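S.K.: This is the structure, below, for whatever I ask next.
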Amino acid sequence: MGSTLIYQPDVSKLRNPDLEELDEMDALEMDRLTTLDFTIITGDAEVSWEEGEPVFLDEEGGLSILKVSRAGLEAVLNFKGELDDFTKEEVTAEIERLQEFVDRVGYDHIYELATF
């Protein structure tokens with residue numbers, strides 16, 4: 001299972017999230033791509049996937065919510081290569097889904113719900 005990206009203009013709703021509220025937010029669950037994949041892609045483009053410190057961090061529960069940077073999103077959306085364990089077609093399909101999400105909600109106010 002991949003990462004979950006959330007569109008939420010009101011960051012205060014993410015600072016102490018109620019998991020039931022998270023389920024009701026406008027979100028995209030990636031099938032395959034994870035934080036590590038996004039970090040590899042953006043690192044190759046010499047930009048950062050996340051912007052600043054986590055909005056929410058629960059080290060004991062293994063959950064964080066990170067603001068996704070516009071430069072990071074652009075790098076991922078422009079990525080045309082392959083990643084370990086994925087074919088180019090699989091990567092392209094995931095990026096197309098992400099592009100549809102960004103086209104609908106815009107580049108601002110996108111966060112990643114990451115588990116570790």
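Just so it is clear, none of the values below were taken in a lab; they were calculated from the coordinates. It should be emphasised that the depicted structure is a prediction, and the values quoted were computed from it without experimental measurement. Methodologically, a virtual Cβ is constructed for each residue, glycine included, from the backbone with ideal geometry; neighbour enumeration extends over all protein chains shown.
S.K.: I need to check one value: relative contact order of the chain, counting alpha carbon pairs closer than 8 Å and at least 6 residues apart, in percent.
M.R.: On the way: 171 pairs, mean separation 40.1, N = 116.
Once divided by the residue count of the chain, the mean separation gives 35 percent.
S.K.: Quick one: length gained pulling L77 to E20 fully straight, 0.36 nm per residue minus the C-alpha distance? Please list the in-between numbers first.
M.R.: Working: separation 57, 0.36 × 57 = 20.52 nm, distance 2.94 nm.
Taking L77 through E20 to full extension adds about 17.6 nm, to one decimal.
S.K.: Quick check on the chain: helices-only [θ] at 222 nm, where DSSP H runs of length 4 and up contribute -39,500 (n - 2.57) each and the sum goes over total residues. Nearest 500, please. Don't jump to the answer; show the numbers that get you there.
M.R.: On the way: 5 runs with 46 residues, N = 116.
-11500 deg cm²/dmol, from helical runs alone.
S.K.: Report the FRET efficiency, 1/(1 + (r/R0)^6), for S12 and R70, where r is their Cβ-Cβ distance and R0 is 25 Å, rounded to 0.05. Each step should come with its number before you reach the end.
M.R.: Values: r = 21 Å, r/R0 = 0.83.
After rounding, the FRET efficiency stands at 0.75.
S.K.: Taking amide hydrogens as modeled 1.01 Å from N in the peptide plane, which residues meet the under 5 Å criterion relative to F56, leaving out close sequence neighbours?
M.R.: Those qualifying (amide H under 5 Å, at least 5 residues apart or on another chain) are I65.
S.K.: Please sort 30-40, 11-21 by packing, taking for each peptide the average over its residues of neighbouring beta carbons within 10 angstrom, highest first.
M.R.: Details: 30-40: 17.7, 11-21: 11.8.
Answer by packing, highest mean first, reads 30-40, 11-21.
S.K.: Which residue, chosen from L22, V105, L57, occupies the Cα position most advanced towards the positive end of the dipole of the chain, where the dipole is computed from +1 (Lys, Arg) and -1 (Asp, Glu) charges on Cβ about the Cα centre?
M.R.: V105
S.K.: Taking the highest mean first, how do the peptides 60-73, 87-100 order by number of other beta carbon atoms within 10 angstrom per residue? Present the calculation step by step, with values, prior to reporting the outcome.
M.R.: Details: 60-73: 17.6, 87-100: 14.9.
Sorting 60-73, 87-100 by mean packing, highest first, produces 60-73, 87-100.
S.K.: Quick one: putting +1 on the C-beta of Lys and Arg, -1 on the C-beta of Asp and Glu, what dipole do you get for the stretch 4-115 around its Cα centre, in Debye to the nearest 20?
M.R.: Working: 9 positive and 30 negative charges, 79 e Å.
Dipole size: approximately 380 debye.
S.K.: Once R0 is set to 22 Å, what does the formula 1/(1 + (r/R0)^6) return for the Cβ-Cβ distance between D103 and D44, expressed as a FRET efficiency to the nearest 0.05? Present the calculation step by step, with values, prior to reporting the outcome.
M.R.: Values: r = 24 Å, r/R0 = 1.08.
Taking R0 as 22 Å, the efficiency between D103 and D44 is 0.40.
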